[in-house]
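The values are calculated or read from the model by the stated rules, or taken from the named source; none is laboratory data. Since the model is a prediction, treat every value here as computed from it, not as a measurement. Ideal geometry is used to build each Cβ from the backbone, glycine not excepted, and the neighbour counts take in all protein chains shown. Surface areas here come from the heavy atoms of the whole protein model, side chains and all, with no ligands, DNA or RNA. Shrake-Rupley method; radii C 1.70, N 1.55, O 1.52, S 1.80 Å.
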Amino acid sequence: IILSAKMAKADGVVTRDEINAFKQVFRVPEHEVDNVSRVFNQARKDSAGFEPYARQLADMFSGNDAVLEELLSCLAHIAHADGRIHPAELEFLEAVSDIFGLDHAAFERVTAMERGGADSDPYQILGVARTISDDDLKSAYRTLVRDNHPDRLIAQGLPEEFIDLANEKLAAINTAYDAVQQERGIR
């Protein structure tokens with residue numbers, strides 16, 4: 001909650017769209033809405049001081065990069081709620097990604113997916129260089145699908161909102177792979 005609120009404040013202003021995005025990815029039970037709202041509103045006063053919360057999540061999910069990447073995706077979703085990711089939000093996301101111990105390719109993949117649209121670089125979404133061989137591309141794709149498959153997150157007991165985002169993420173990975181295959185003339 002706190003990390004999400006500080007993400008929303010990273011560009012200096014928390015918008016209604018960002019609050020709605022938070023509610024979309026973190027569905028709060030009705031009996032907890034007041035408590036969550038109080039914590040969120042307190043935390044959104046300033047984006048500073050997010051690092052201990054990011055470290056706590058990194059420790060909590062140590063060795064489980066798929067979950068940490070999903071959390072980063074949730075934060076990126078909030079950042080993009082107003083239609084773009086502000087440079088200060090991008091810096092925030094990169095700092096969180098570093099604290100989570102994710103590699104730069106994961107950070108690029110998450111932010112590229114969130115930006116979406118026809119302008120997205122499919123290689124960035126797949127986290128590979130344009131010079132990758134076809135065999136290595138296929139291997140990287142299969143690894144991404146395995147690591148980001150919603151069934152894997154379900155098995156880990158993650159909430160439904162994470163599963164919904166994982167489905168969107170998997171669709172983006174598949175679309176990116178299809179685009180690269182078409183570009184290269186491979187099947």
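Scan the stretch 176-187 for residues that are over 17 Å from the mean Cα position of the chain (by Cα) and either within 19 Å of Ala76 (Cβ to Cβ) or surrounded by fewer than 16 Cβ atoms within 10 Å (Cβ to Cβ) (or both) and report the count. Steps first, answer last, please.
First, pick out the residues of the stretch 176-187 that are over 17 Å from the mean Cα position of the chain (by Cα): 177-187.
Next, only the ones that are either within 19 Å of Ala76 (Cβ to Cβ) or surrounded by fewer than 16 Cβ atoms within 10 Å (Cβ to Cβ) (or both) stay: 178, 182-187.
Residues flagged as over 17 Å from the mean Cα position of the chain (by Cα) and either within 19 Å of Ala76 (Cβ to Cβ) or surrounded by fewer than 16 Cβ atoms within 10 Å (Cβ to Cβ) (or both) within the stretch 176-187 amount to 7.
Sort through Glu108, Glu114, Glu168, Glu89 and tell me the only one that's assigned to a helix (DSSP H, G or I), open to solvent by less than 20 Å² (accessible area, probe 1.4 Å), more than 19 Å from Ser62 (Cα to Cα) and of a type in the set (D, E, K, R).
Numbers: Glu108 fails: open to solvent by less than 20 Å² (accessible area, probe 1.4 Å); Glu114 fails: open to solvent by less than 20 Å² (accessible area, probe 1.4 Å); Glu168 fails: open to solvent by less than 20 Å² (accessible area, probe 1.4 Å).
Going through Glu108, Glu114, Glu168, Glu89 in turn, just one is assigned to a helix (DSSP H, G or I), open to solvent by less than 20 Å² (accessible area, probe 1.4 Å), more than 19 Å from Ser62 (Cα to Cα) and of a type in the set (D, E, K, R): Glu89.
Every residue in the stretch 153-162 that is on the phi < 0 side of the Ramachandran plot and exposed (fewer than 15 other Cβ atoms within 10 Å of the Cβ), please.
Of the residues in the stretch 153-162, the ones on the phi < 0 side of the Ramachandran plot are 153-156, 158-162.
If the condition is that a residue be on the phi < 0 side of the Ramachandran plot and exposed (fewer than 15 other Cβ atoms within 10 Å of the Cβ), then Ile154, Ala155, Gln156, Pro159, Glu160 are the ones that fit.
Determine, yes or no, whether Glu94 is assigned to a helix (DSSP H, G or I), open to solvent by 10 Å² or more (accessible area, probe 1.4 Å), at pLDDT 90 or above and more than 15 Å from Leu158 (Cβ to Cβ).
For Glu94, the condition - assigned to a helix (DSSP H, G or I), open to solvent by 10 Å² or more (accessible area, probe 1.4 Å), at pLDDT 90 or above and more than 15 Å from Leu158 (Cβ to Cβ) - is met.
Could you pull out the residue among Ser73, Ser139 that is assigned to a helix (DSSP H, G or I), under 24 Å from Arg55 (Cβ atoms) and not charged (D, E, K, R)? Before the answer, list the steps.
Details: Ser139 fails: under 24 Å from Arg55 (Cβ atoms).
Testing whether each residue is assigned to a helix (DSSP H, G or I), under 24 Å from Arg55 (Cβ atoms) and not charged (D, E, K, R) leaves just Ser73.
For Leu72, are the conditions met, namely being at pLDDT 90 or above and either open to solvent by 70 Å² or more (accessible area, probe 1.4 Å) or closer than 23 Å to Ile125 by Cα (or both)?
Details: at pLDDT 90 or above: yes; either open to solvent by 70 Å² or more (accessible area, probe 1.4 Å) or closer than 23 Å to Ile125 by Cα (or both): yes.
So Leu72 fits the description; yes.
Can you tell me how many residues within the stretch 55-69 are at pLDDT 90 or above, in a helix (DSSP H, G or I) and open to solvent by 20 Å² or more (accessible area, probe 1.4 Å)?
Total meeting the criteria: 5.
Given the options Arg84, Arg130, name the one that is outside any helix (DSSP H, G or I), within 16 Å of Val13 (Cα to Cα) and not aromatic (Phe, Trp, Tyr). Quick ask: steps written out before the conclusion?
On the way: Arg130 fails: within 16 Å of Val13 (Cα to Cα).
After applying the criteria, what remains is Arg84.
Which of the residues spanning the stretch 4-54 are of a type in the set (S, T, N, Q) and either open to solvent by 80 Å² or more (accessible area, probe 1.4 Å) or in contact with a Ser or Thr (Cβ under 7 Å, 6 or more places away or on another chain) (or both)? Show your work before the answer.
As a first pass, look at the stretch 4-54 and keep what is of a type in the set (S, T, N, Q): 4, 15, 20, 24, 35, 37, 41-42, 47.
If the condition is that a residue be of a type in the set (S, T, N, Q) and either open to solvent by 80 Å² or more (accessible area, probe 1.4 Å) or in contact with a Ser or Thr (Cβ under 7 Å, 6 or more places away or on another chain) (or both), then Gln24, Gln42 are the ones that fit.
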